[in-house]
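Have a look at the structure below, then the notes.
Since every read-out is calculated from the coordinates, none of them should be taken as a lab result. Values in this document were obtained by computation on a predicted structure and should not be read as measured data. In this analysis, Cβ positions are derived from the backbone assuming ideal geometry, glycine residues included, and neighbour counts consider all displayed protein chains.
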Amino acid sequence: MQDAFTRTIVAADLRGSFLNEQELAQLTNLIKESNKRLDAVNTITSYAADIISEAGHKLFAEQTDLIRPGGNAYPNRRMAACLRDMEIILRYISYALLAGDASVLEDRCLNGLKETYVALGTPTRSVSRAVQLMKESAVNKITNIPGVTRGDCSALVNEAATYFDKAASSIA
């Protein structure tokens, strides 16, 4: 895993050059936005159970066959496994958001996940939909953080959304 700073430094080192103006500007912006990033990650962490619960309820309301006898989230132990997987994916998305880099999400969570679900007979489209539902809930919570002065956090929200999209598309 590389954070945005390490990734930028490694790229400059491979070129054998100093950081250029664009790279310095990107890192400067990352520093200026760091409190927003920490607030967003803290919000995801604090509301993880709510995000997962909201997404799970919506998913099972949309795809009722999952919770019926014979469904992939029936009985309760299988539903618990589904919710656990949603928690793991959300946790790695929060790590990526904190680092400003998707490699931890890709390397430690998504790499081989679809193949595992296929081998287990888990409907990947349902898992992908659950990730999209978590994205909706998390983005709503990030944009409405209690006790945080409103400001422009659209770039950060878009970044968070890309991590959810990356996870959803890699599973679908």
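A few points about this structure:
- Segment 1-142: relative contact order in percent, alpha carbon pairs under 8 Å with at least 6 residues between: 33
- Phi-based couplings in Hz for segment 129-143 (Karplus 6.51, -1.76, 1.60; Gly and Pro marked x): 5, 4, 5, 5, 5, 5, 4, 4, 5, 5, 4, 4, 6, 5, 7
- Given the choices [x] 10, 35, 30, 17, 7, 2, 0; [y] 10, 38, 38, 13, 1; [z] 8, 22, 15, 13, 16, 14, 5, 3, 2, 1, 0, P(r) over Cα pairs in 10 Å bins from 0, in percent derived from the coordinates of this structure is entry [x].
- Centre-to-centre, using Cα atoms only, segment 88-127 and segment 25-85 are separated by 12 Å.
- Cα-based shape type of segment 13-86, given that a ≥ b ≥ c are square roots of the gyration tensor eigenvalues and the cut on a/c is 1.5: prolate
- Among Ala12, Ala49, Ala99, residue whose mean-square fluctuation peaks in a GNM of the chain (springs only between Cα atoms under 10 Å): Ala12
- When Met134, Met86 are sorted by how many other C-beta atoms sit within 10 angstrom of their C-beta, beginning with the fewest, the order is Met86, Met134.
- Phe164, Phe18, Phe60 arranged by Cβ crowding within 10 Å, fewest neighbours leading: Phe18, Phe60, Phe164
- Residue order, fewest to most surrounding Cβ atoms within 10 angstrom, among Ile44, Ile31, Ile9: Ile31, Ile9, Ile44
- Gain upon complete extension [Asp13, Asn76; 0.36 nm per residue less C-alpha separation]: 17.5 nm
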